[in-house]
Amino acid sequence: MAVGCKAQTAADVAPNRHIEVLVRSQLNVPTDVAVTIGARKPSQFTGFDTLPITLSRRGSQHQIDMLISTDGKTLARLEKFDLANDPVFSINVAGRPIRGNPEAKVTIINFDDLECGYCARLHEELFPATLERYKGKVRFIYKDFPLNSIHPWAMRASVDANCLAAQNSDVYWTYVDYLHSHGQEINGENRDTAKSFATLDRIARQEATLARLDAAKLDACLAKQDQGPVNASLQEGLALGVESTPNVFVNGERFDGALPQEQVWMVIDRALQAAGVELPAPPSPAGK
């Protein structure tokens, strides 16, 4: 038997090349990412083999398994989702302040940035109108997701809010309400970050005084500026795919951005129906 080098023919190369071109097109693979087609393996689907495809860039690799028909004419992608361990249903809300009915069957979790204008817009739609509409049927919980790269005082605001929450959940919400409606006051005329920090601390102390909180305990918390819990919330959000704010999960169903009030209510209504909770009466037409 003769053994030697053999040049690849067009027939050898074309099938994998066709697959690569299709994968790049359908998955929007960046041009600097290498696509490697692996060897076919048997699959659990009749008429199809499993085809591993590896995406590589600068030493990092990610493999996706696609399906290819045994005749080589059809490429498909099947994604499996773990219904038992979907992280959107297990967001950590332990110890977070709750607004609404703590025992409600529908939970609205918002990954919030206290310097974000879109967050302020959504916050204004949620409170008081949405809270009033659903009364004891829902509960609201905010998670910290300060976008530090574009919002210089957002982290400080989250930490200060958590200092208040450690003593009184209601004061936490009063502080959040104020910041979302007075962003320009905190920005200041010259957007001086140090002055913004001082303003945030001053407002926190004012809210604490009105609520008769422990001033010494609050001052110690404000001085410490422990970012650990905020960073943990950030990492949890990133693991869920959160990249912007506001980002809201209503019993697992997600939406991002400041949606119109009617669309927010549609999402909440779906969650209530799924939980077997009677919907509130439709809002009265304007002017009635």
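The values are calculated or read from the model by the stated rules, or taken from the named source; none is laboratory data. Everything quoted here is computed from the prediction, not taken from an experiment. Positions of Cβ are generated from backbone atoms using ideal geometry, with glycine treated the same way; all protein chains shown enter the neighbour counts.
Just one of the listed residues (ALA220, ALA232, ALA204) is crowded, with 17+ Cβ neighbours inside 10 Å and not in a loop (DSSP other than H, G, I, E, B), and it is ALA204. Out of the residues in region 235-274 that are closer than 26 Å to CYS163 by Cα and either acidic (Asp, Glu) or outside the structural domain of ALA154 (by TED's automatic domain parsing) (or both), state the one that is surrounded by the most Cβ atoms within 10 Å (Cβ to Cβ). Going through the qualifying residues, I end up with GLU236.
The rows are residues; the columns are (1) within 26 Å of ALA216 (Cα to Cα); (2) assigned to a helix (DSSP H, G or I); (3) not hydroxyl-bearing (Ser, Thr, Tyr).
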{"position": "GLU103", "(1), (2), (3)": "no, no, yes"}
{"position": "ILE109", "(1), (2), (3)": "no, no, yes"}
{"position": "VAL159", "(1), (2), (3)": "yes, yes, yes"}
{"position": "VAL176", "(1), (2), (3)": "yes, yes, yes"}
{"position": "GLN184", "(1), (2), (3)": "no, yes, yes"}
{"position": "ASN190", "(1), (2), (3)": "no, no, yes"}
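Considered as a group, the residues in region 52-64 that are part of a strand (DSSP E or B) and either touching a residue at least 40 places away in the same chain (Cβ under 8 Å) or over 27 Å from the mean Cα position of the chain (by Cα) (or both) include one that is surrounded by the most Cβ atoms within 10 Å (Cβ to Cβ), and that residue is ILE53.
Please determine whether any residue of region 88-101 is modelled with pLDDT of 90 or more, assigned by TED's automatic domain parsing to the domain that holds LYS135, in contact with a Gly (Cβ under 9 Å, 6 or more places away or on another chain) and not hydrophobic (A, V, I, L, M, F, W, C). Among the residues of region 88-101, at least one is modelled with pLDDT of 90 or more, assigned by TED's automatic domain parsing to the domain that holds LYS135, in contact with a Gly (Cβ under 9 Å, 6 or more places away or on another chain) and not hydrophobic (A, V, I, L, M, F, W, C), which makes the answer yes. For ALA129, the conditions (1) under 20 Å from the mean Cα position of the chain (by Cα); (2) of a type outside the set (Val, Ile, Thr); (3) surrounded by fewer than 15 Cβ atoms within 10 Å (Cβ to Cβ) all hold with the exception of (1).
Tell me, which residue of region 194-211 that is under 28 Å from the mean Cα position of the chain (by Cα) and of a type in the set (Gly, Ala, Ser) is farthest from LEU164 (Cα to Cα)? Step by step, filter region 194-211, then rank; the result is SER196. Count of region 11-33 residues, restricted to those that are exposed (fewer than 12 other Cβ atoms within 10 Å of the Cβ) and more than 15 Å from GLY72 (Cβ to Cβ), is 6. Return a yes/no flag: does region 43-51 have any residue that is assigned to a loop (DSSP other than H, G, I, E, B), in the same structural domain as VAL138 (by TED's automatic domain parsing) and surrounded by 15 or more Cβ atoms within 10 Å (Cβ to Cβ). No: zero hits.
Within the bounds of region 277-284, is there any residue that is modelled with pLDDT of 95 or more, exposed (fewer than 15 other Cβ atoms within 10 Å of the Cβ) and either of a type in the set (D, E, K, R) or over 21 Å from HIS123 (Cα atoms) (or both)? Looking through region 277-284, at least one residue is modelled with pLDDT of 95 or more, exposed (fewer than 15 other Cβ atoms within 10 Å of the Cβ) and either of a type in the set (D, E, K, R) or over 21 Å from HIS123 (Cα atoms) (or both). Among the conditions (1) modelled with pLDDT of 95 or more; (2) under 27 Å from LEU126 (Cα atoms), ASP226 misses just one, which is (2). Scanning region 146-171 for residues being out of contact with any Phe, Trp or Tyr (no Cβ under 7 Å at 6 or more places or on another chain), farther than 21 Å from GLU236 by Cα and crowded, with 22+ Cβ neighbours inside 10 Å gives a total of 1.
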